[in-house]
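Values in this text are rule-based calculations from the coordinates and carry no lab data. Everything quoted here is computed from the prediction, not taken from an experiment. Reconstructed Cβ throughout: ideal geometry from the backbone, glycine too, with neighbour counts over all protein chains shown.
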Amino acid sequence: MHPLLIVSGLTMDFGGIRALDRMDLRILPGEIVALIGPNGAGKTTLFNCLTGMYRPTGGQVLLNPPGRPQRRLHGLSPHRITAAGLARTFQNIRLFPNMTVLENVMVGRHCRTTAKLFGAIFRPSATVREERETVGMCLALLDRIGLIDQADELARNLPYGAQRRLEIARALATGPQLLLLDEPAAGMNPQETAELEALIASIRGDGLSILLIEHDMKLVMRLSDHIFAMDFGCLIAEGTPDEVRRHPAVIRAYLGEETTDA
Amino acid sequence: MKNLPMPTGKDIRHALLTGLWFMFLTFPLLVIKVDPAEQSVTWRWANLVWVGGVSAAVALACRLLAAYRAARVERLRRLPDQTAPQPKLPLLFRPERLLPLGTLAMLFFLAFPLVFSTYQVNIMTTALMYVILGLGLNIVVGFAGLLDLGYVAFYAVGAYTYGLLHLHFNLGFWIALPIGGLLGALFGILLGFPVLRLRGDYLAIVTLGFGEIIRLVLENWGAFSQGPSGIADIPRPGLFGLDMTLDQSLVYQYYLTVAMALATVFVVNRLRHSRIGRAWFALREDEIACQAMGIDKTAIKLTAFALGAAWAGMAGVLFAAKTTFINPASFTFLESAIILCIVVLGGMGSIAGVVLAALILMLLPEYLRALAEYRMLVFGAVLVVMMIVRPRGLMSPPRQTYSPSR
Amino acid sequence: MEYFLELLFSGLTRGAIYALIALGYTMVYGIIGLINFAHGEMYMIGAFTALIVSSVLSIYGLPLPAILVLAALAAAIWAGAYGFTVERLAYRPLRDAPRLAPLISAIGMSIFLQNYVLLAQTSDFVPFPSLVPEFAFLEPYGAIVDSSGLTILAVSTLVMTALTLLIKFTRTGKAMRATAQDRKMALLVGINVDRIISLTFVTGSALAAVGGLLIASHIGQINFAIGFIAGIKAFTAAVLGGIGSIPGAVLGSFVLGLTEAFATGYVSSDYEDVFAFSLLVLILIFRPAGLLGKAATEKV
Amino acid sequence: MSHAQFFLFGLAALAFSACVAETSLASEPIKIGFAGSLSGDLAPYGLPPLKAVQLVVKEINARGGIQGRPVELLVEDDACKPELATNSATKLVAGGVKAVIGHICSGPTKAALPIYQAAKVLVISPSATSSLLNRDGEYPFFFRTIAADDVQAAAQVDFALQTLKAGKIAVLHDKGDYGKGLAEFAKSLIERSGKAQVVLFEGITPGAVDYSAVVQKIKRSGAEAVLFGGYHPEASKLVGQMRQKRLATPFVSDDGVKNDTFIKVAGKDAEGVYATGPADASDNSVTKAYQEKFRQAEGTNPGAFFDNAVAAALALTNAIAKAGSTDPEAMARILHSEEVATPFGPIKFDAKGEPVGIGVTLYQARDGQFVQVR
């Protein structure tokens, strides 16, 4: 199978500090891929480079949407990358706090809708239809994450776990090929984590690929098809969950130098 | 007001201390008046007594009020049924009242010239122009969250567009109106480009600088703008070439302004509930997440600047037509500040709030004339007090609901 | 060459004037992130207090140096008191309000204070005595350098150094920096945040007042509106240098002052402000956080 | 009641009361208006004229009014802003005035004139000097009791060329309507005379904290005289800094500077400064009478444009009395044809409403007051 995303030699320098060092990644369609590594390993930096928040110093990011020609993503601005099919959530939740839950999701549809000034002011039937479709689709997404009853609530009034789910729904609304989740389970209780796991699994069921940063190893091991492990900006190991779990470099990175078995 | 708490000893001591503090504070400026040339000093001790007494009384009143409120909240909290005290919306602002209230307001504005004198109509026209300006700036500040302190520049662009088009090409109001709007938008984009990277207060100061630059250029580039002596004899808007007396023309202009204001409310309201409006809100709430949602930050910022400026440009054309004379002195920073006050006081992003705030702030000084020289003093104090009493503005924007299926 | 030196001194004088006011702006901004539009009024109130006190004292026949010291002291004390009161009344209740609410409150305060002084004193310009003595040693250079300009320069340099040291090394300074960085955290580690913010306002206002005295003595006249115009320029300077940074405010002031002086000298004073504001726009385009400001890269 | 409701209610109540107050009409008195800057930073120019007009009106009413009808004065503040001036003008017109004394500044006068014109209200300004006002005589009911800018500029230039014999002249202004207009006239007059050279023509920024850069520029230009168009605050700062930098170049300014405040503020630097102004009227009995009345009422000396406003009020009331009506045509005829005794001596008005008999003279500040030079 053709990989959906090919990252090769991706490098990011901040001044003299190398945060990412020639990273190579491949993500297949429909796959859940996890990115693990200790704090400060460069996982979020990688996310930021992939989604255009940072402009990588070197290397390539290529996207192969099924049935469409390959696209170069590195060097594009964030909104173009989102339009191309990458959507993300943030480690520290970044919802639009003073907009309603529904509106948050509707913003996600921005790059898939087209109404311009004229449409906004005069509301021709095309715009009305587009709006109606947007609302319908977003309500469906809210239903899926169990927030349909809070659709008109302000996002800042939601409990923490719901905010995390809402962020995922918002990212899904952009119609991505690849969903990047930055520590979606952080701060969740076991009940919420279980719900999240089900949600992620069901998203995979839709045929999306998922790239996941997560510290909850049990969750990672259960969900992932493939794991990349990073430390100090470098890839130190990759493989199936089992392979990575046993990989000496990973153990060293997580547990320190001397320890040999986990 | 039953259960008004009795002042305790502590309250009284606090009030007395406040009084003493203000007596100290105002001592040099309010009590002593020197004439350096005559080498004479006047001591106005009476002022000191006044300040002390009034500030102590106000302090006491504020403390009692605060205590009363605290007691009421406490009482409500202890109610058996445990229902949290619903933040009750003031009667006027409940959603179901908006329609009848709006109709009533409409009728009031339509009947206004029939009831009131030309002078009152003229004042109301001015106030309505500020409604337009406030709504325009509301797009930039309230919707998109871009703090603009130089909004008056676009107002000037519009006014001079009409002034100069009339002067050189003898063009009329109705041609100048769209051109003014377009030129305003153009200048908005012109300002928007360099400031795309700037945030918050840096953006504020650059827009302030931009506003000043426009005014200074109009002031100094005499060959272009006739400098400080301005452009006179700009015609009032025409109506199919009809000849109108001054009174008729002022009333006509009033209705024109009402129509413009209505159109502005309509358009701004539509924009607010559109894909573009949501993108602005997203930009205001979180610039980074906004980009991550596939919104082109540059385009959406420029749209906000351009649209906001377009309204200022059209308001400028109206202004030129109304005063028939323009010079750069009308477009100072203070004007930008007042328009910003309208937006913030109204409640950022709230259309009804902005309309109300514009009417209050513009009509207040007019009706405060009774206070004569204390007018601006009171105006300043009112701004401070209103902000403290309602820091989120007079009205908060209504929560948008889209629930056709349910 | 002499012309150049003349313009240089003239620009430095202007810069030093702006710096005295800009320091207060930058301190307040640094600590609570508020553009304190009423800060210019502190400068104006300081100048008026100094005028009143010095006139009364001179009627009682005190010698000039004593008058200068007492007037400066009185100006600093009362302006400080006004700064304290304004913060308590108009800003403290709004500390957790939306960001623009205190800004509007500040604009209202500025209008209020201007009209207060107008009503309490006069709407007209009043002459301000030359409180700074003529230095005899400057006599040979009189065409280029004047003693009041030199005093302003010296005082602003001194004040900047003192402030920088204060903020770097004293306990209070550290508390100020902590409050500026993270108010909640500062509160948690036991800093009396209210007191620190009050102190910042008092210090900033007192500085502006001393500036008011020196500047008024330099230009020889004051009225109730001087604070607003000077305040806007000083604010521009503070932003130019990187708002929140004390050396930045001083650098920005000198850059602004020199630009204006050279623009007037070599181009035309018609466009001095256009030059000043264009420079501001240009610098911010290339350095979006000002000359010495730290570019706050938001963590994603 | 919430706050917002309170405001709404208050506004409505105010609007209502204002409306009621206005509709109560009294047909008896002759209504005349006064409009000018009564607040803001230009208030010092508007308040003395108001006092002057009030004095004249009080006196006339004490004598039993004009032909038995009392004179009622309606006062409006335009803060010297054109946009407010149109409001003031409509309010006066709506209030039924037949004539207006005002406005104080040229810009607002320009903005308000069309409104008065449409309502056929006669206007006499005591202080609007712009030469662009009524240049083509388009406002037949506009008059003023002050010499226009071009007359003043001519006097300044004449003095600089003839008396000071300056070959190089620096012309400065405050970028304002009044100052720049004056400076531009002066510049073109100097250039046309061919006798001197304008070595510097610049606007200084009002309210700036320091003018030393401009002063150095004047010095470098080698100017033998400085002509300044503008008001006294900038003039006193400029002169002060010139003298501080040891620049003794003669300083010639205008009406906006020729007042006691300038001398008070500039102190010893004011000595030797020249300024143009209306011919000295301090010996005139009318002047003395009104100035004395003002002193009795207020305890201070009258300020700027006081005499001009007295002249305007006297001319207007005289015209109403002689015409026997408040018909603008009739009043204008009297103003054009009959001389009236004013603080400046007998004056009347030419076809464009310019005063005949109010000339411009040069003054110099000596020992703390302006004295006539020639």
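When only Cα pairs under 8 Å and 6 or more residues apart are kept, what is the percent relative contact order across the range B:93-389?
Working: 435 pairs, mean separation 107.6, N = 297.
Computed value for the range B:93-389: 36 percent relative contact order.
Separation between the residue B:269 and residue B:299 pseudo-spin-labels, each 7 Å from Cα along Cα→Cβ, expressed in nm?
For the pair residue B:269/residue B:299, the computed spacing is 2.8 nm.
Quick one: go through the range C:154-171 and flag any residue whose amide nitrogen is under 17 Å from the point 7 Å out along the Cα-to-Cβ line of residue C:189.
C:167-171
As an exercise, use a Förster radius of 22 Å and the Cβ-Cβ distance of residue D:351 and residue D:280 to find the FRET efficiency, rounded to the nearest 0.05. If you can, show how the numbers build up before the last one.
Working: r = 27 Å, r/R0 = 1.24.
FRET efficiency, residue D:351 to residue D:280: 0.20.
Please give the average number of partner chain Cβ atoms lying within 10 Å of the Cβ of each residue in B:321-333, rounded to a whole number.
If you average over the peptide's residues, the count of other-chain Cβ atoms is 6.
At a Förster radius of 60 Å, what calculated FRET efficiency corresponds to the Cβ-Cβ distance of residue B:6 and residue A:201, to the nearest 0.05?
On the way: r = 66 Å, r/R0 = 1.09.
Using R0 = 60 Å, I get an efficiency of 0.35.
Where in the range B:22-50 does the amide nitrogen come within less than 16 Å of the point 7 Å from the Cα of residue B:62, taken along Cα to Cβ?
Within reach of a label on residue B:62, which here means backbone N under 16 Å from a point 7 Å along Cα→Cβ, the range B:22-50 contributes B:22-26.
To the nearest 0.05, how large is the calculated FRET efficiency for residue D:62 and residue B:44 if R₀ is 30 Å and r is the Cβ-Cβ distance?
Numbers: r = 33 Å, r/R0 = 1.09.
That gives a FRET efficiency of 0.40.
Select from the range A:116-213 those trypsin sites (Lys or Arg not before Pro) which occupy a DSSP coil region and have at most 10 other Cβ atoms within 10 Å, ordered by residue number. Spell out each step's value before the answer.
On the way: sites: A:116, A:129, A:132, A:144, A:156, A:164, A:165, A:170, A:204; in loops: A:116.
Sites meeting the loop and neighbour criteria: none at all.
Under the rule a/c < 1.5 gives rounded, and otherwise a/b versus b/c splits prolate from oblate, where does the range D:150-254 land using the Cα gyration tensor? Kindly include the intermediate steps, with their values, before the conclusion.
On the way: a/c = 1.87, a/b = 1.28, b/c = 1.46.
The shape class here is oblate.
In deg cm²/dmol, rounded to 500, what helix-only [θ] at 222 nm does chain D give when every DSSP H run of at least 4 residues adds -39500 (n - 2.57) and the total is split over its residues?
Numbers: 12 runs with 167 residues, N = 374.
When only DSSP H runs of four or more count, the value is -14500 deg cm²/dmol.
Taking the beta-carbon count within 10 Å as an exposure proxy, list D:285, B:396 from fewest neighbours to most.
Numbers: D:285 10, B:396 16.
Listing D:285, B:396 from fewest to most nearby Cβ atoms yields D:285, B:396.
Under 15 Å from a label point 7 Å along Cα→Cβ of residue A:77: give me every residue in the range A:109-141 with its amide N that close.
Taking a point 7 Å out along Cα→Cβ of residue A:77, the residues of the range A:109-141 whose backbone N falls under 15 Å are A:111.
Below 11 angstrom from the Cβ of residue D:93, what's the summed charge of the other residues (Lys, Arg +1; Asp, Glu -1)? Intermediate results must be reported in sequence, preceding the final value.
Details: positive: D:31, D:91, D:98, D:120; negative: B:247, D:76.
Summing Lys and Arg as +1 and Asp and Glu as -1 gives +2.
Between the range D:161-199 and the range D:273-300, what is the C-alpha centre distance in whole Å?
29 Å
Peptide D:113-121: average number of partner chain Cβ atoms within 10 Å per residue? Don't skip to the end; give the middle numbers.
Numbers: counts 4, 9, 7, 1, 1, 7, 4, 0, 0.
Going residue by residue through D:113-121 and averaging, the value is 4.
Using 7 Å Cα-to-Cβ label points, what is the residue C:1/residue B:262 separation (nm, one decimal)?
Result: 7.5 nm between the two label points.
Take every Cα pair under 8 Å in chain D that's 6+ residues apart, average their separations, divide by the length, and report that relative contact order as a whole percent.
Values: 752 pairs, mean separation 64.1, N = 374.
In percent, rounded to a whole number, it is 17.
List the aspartates and glutamates whose alpha-carbon lies under 19 Å from that of residue D:219, not counting same-chain residues fewer than 8 positions away?
C:2, C:6, C:139, C:146, C:260, C:270, C:272, D:174, D:202, D:210, D:234, D:269
Counting DSSP beta bridges with both partners in the protein assembly as shown, what percentage is antiparallel, nearest 5? Don't skip to the end; give the middle numbers.
Working: 42 of 90 bridges.
So the antiparallel bridges in the protein assembly as shown amount to around 45 percent.
With each label point set 7 Å from Cα along the Cα-Cβ vector, what nm distance links residue B:168 and residue D:136?
Distance between label points: 2.0 nm.
Go through C:11-19, B:293-301 and give me the packing order, highest mean Cβ count within 10 Å leading.
Values: C:11-19: 28.4, B:293-301: 21.4.
With the highest mean Cβ count within 10 Å placed first, the list reads C:11-19, B:293-301.
Compute the signed sum of charges (Lys and Arg +1, Asp and Glu -1) over the other residues within less than 11 Å, Cβ to Cβ, of residue D:35. Kindly include the intermediate steps, with their values, before the conclusion.
Numbers: positive: D:91; negative: D:76, D:77, D:78.
Here the count lands on -2.
Between rounded, prolate and oblate, where does chain C land on the alpha carbon gyration tensor, with a ≥ b ≥ c its root eigenvalues, rounded for a/c under 1.5, else prolate if a/b exceeds b/c? List each step's numbers first, then the result.
Details: a/c = 1.65, a/b = 1.21, b/c = 1.36.
Cα axes put chain C in the oblate bin.
Count, for each residue of D:211-223, the Cβ atoms from other chains sitting within 10 Å of its Cβ, then give me the mean as a whole number. Numbers along the way, then the final one.
On the way: counts 5, 14, 19, 7, 3, 13, 9, 0, 4, 5, 0, 0, 0.
That average works out to 6.
What does the charge count around residue D:148 come to, taking other residues whose C-beta lies under 10 Å from its C-beta (Lys +1, Arg +1, Asp -1, Glu -1)? Working shown, then result.
On the way: positive: D:135, D:144, D:352; negative: D:149, D:150, D:354.
Local charge sum for residue D:148: 0.
If one computes the Cα centroid of the range B:157-213 and of the range C:144-186, what distance in Å separates the two points?
40 Å
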